[in-house]
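Accompanying notes for the structure given below.
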Amino acid sequence: MVRAIVLVFSALALLLPVAVSGAEIVVHGLMEGRATISVNKSRPKTLRAGESFQGVRLISANTEAAVVEFEGKRRKLTFGEAVSTSFEGSGAKSVTLVSDSQGHFISPGAINGASVRFMVDTGATAVSMDAEAARRAGVNYLQGERRLSSTANGIIPVYKVKLDSVQLGEITLTNVDGVVHTQSSLPVVLLGMSFLGRLDMRREGDTMTLIRKY
């Protein structure tokens with residue numbers, strides 16, 4: 001009887017939220033190499049180690065604990081343990097970029113936790129990348145919506161996708177629209193308005209400051 005009560009309380013503790021940098025993460029199940037989580041009251045999703053959801057990346061998991069990463073910080077969630085941690089800083093998060101000799105704003109960043117090289121492009125509707133960059137970021141673009149896009153090289157097929165997370169410096173946005181070009185190679189990932197539109201952009205000379213709005 002005592003053992004049954006302990007198991008009930010352990011199961012309840014597993015469903016307590018973990019607040020990480022403003023995101024509420026709830027673990028609904030633990031398995032070897034997989035964990036079922038929800039983020040900000042979303043529908044629960046089962047992730048394998050290395051996969052991301054709503055900006056949360058599952059690093060590892062077994063039947064006793066899972067290690068998750070959010071905004072570059074990791075937390076171990078143990079079965080039966082309620083963990084509540086916040087990394088929320090004061091003030092809006094911002095990034096300041098300096099243009100190169102050609103006037104381009106280029107910076108390292110990440111998509112779904114995978115390192116990429118961004119170039120700010122206010123003329124791009126979405127975050128645009130080639131197929132190789134999409135594969136490195138774990139984006140299964142073939143399951144996306146196939147479209148035709150007009151470019152300098154003519155009409156080409158592209159795939160519209162949703163990116164779990166896009167990170168530039170201290171700014172991480174989730175559920176960002178992306179476009180994958182399958183017939184051309186891009187030297188950088190174009191950081192388009194699906195990301196930039198959620199920021200305040202202020203330019204002074206050769207510097208640009210991006211400030212998260214929401």
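Observations on the structure shown:
- Annotation note: of E204, E132, the sole residue that is surrounded by fewer than 18 Cβ atoms within 10 Å (Cβ to Cβ) and either in the same structural domain as S38 (by TED's automatic domain parsing) or within 22 Å of G103 (Cβ to Cβ) (or both) is E204.
- Look at (1) of a type in the set (K, R); (2) under 28 Å from R212 (Cβ atoms); (3) modelled with pLDDT under 85 and you find that R3 fails only one, number (2).
- Among the residues making up the stretch 150-165, those that are assigned to a strand (DSSP E or B) and either aliphatic (A, V, I, L, M) or surrounded by 16 or more Cβ atoms within 10 Å (Cβ to Cβ) (or both) are I155, I156, V158, Y159, K160, V161, L163, D164, S165.
- The residues in the stretch 114-125 that are hydroxyl-bearing (S, T, Y) and under 30 Å from I59 (Cβ atoms) can be counted, and the count is 1.
- Within the stretch 26-39, the set of residues being over 14 Å from the mean Cα position of the chain (by Cα) and either in a strand (DSSP E or B) or closer than 24 Å to V166 by Cβ (or both) comprises V26, V27, H28, G29, L30, M31, R34, A35, T36, I37, S38.
- Matching entry among G123, G80, G89 (being modelled with pLDDT of 90 or more and not in a strand (DSSP E or B)): G123
- V139 being part of a strand (DSSP E or B), out of contact with any Phe, Trp or Tyr (no Cβ under 7 Å at 6 or more places or on another chain) and of a type in the set (A, V, I, L, M, F, W, C): no
- Only a single criterion out of (1) under 28 Å from L47 (Cα atoms); (2) surrounded by fewer than 21 Cβ atoms within 10 Å (Cβ to Cβ); (3) under 18 Å from the mean Cα position of the chain (by Cα) is not satisfied by G178, namely (2).
- When I111, I106 are screened for being touching a residue at least 12 places away in the same chain (Cβ under 8 Å), among the hydrophobic types (A, V, I, L, M, F, W, C), under 22 Å from L58 (Cβ atoms) and assigned by TED's automatic domain parsing to the domain that holds H181, only I111 passes.
- Within the stretch 36-59, considering residues that are hydroxyl-bearing (S, T, Y), touching a residue at least 12 places away in the same chain (Cβ under 8 Å) and in contact with a strand residue (DSSP E or B) (Cβ under 7 Å, 6 or more places away or on another chain), the one nearest to N112 (Cα to Cα): S52
The values are calculated or read from the model by the stated rules, or taken from the named source; none is laboratory data. Quick caveat, the model's predicted, so the values are computed rather than measured. Every residue, glycine as well, gets a Cβ built from its backbone with ideal geometry; the counts of neighbours run over all protein chains shown.
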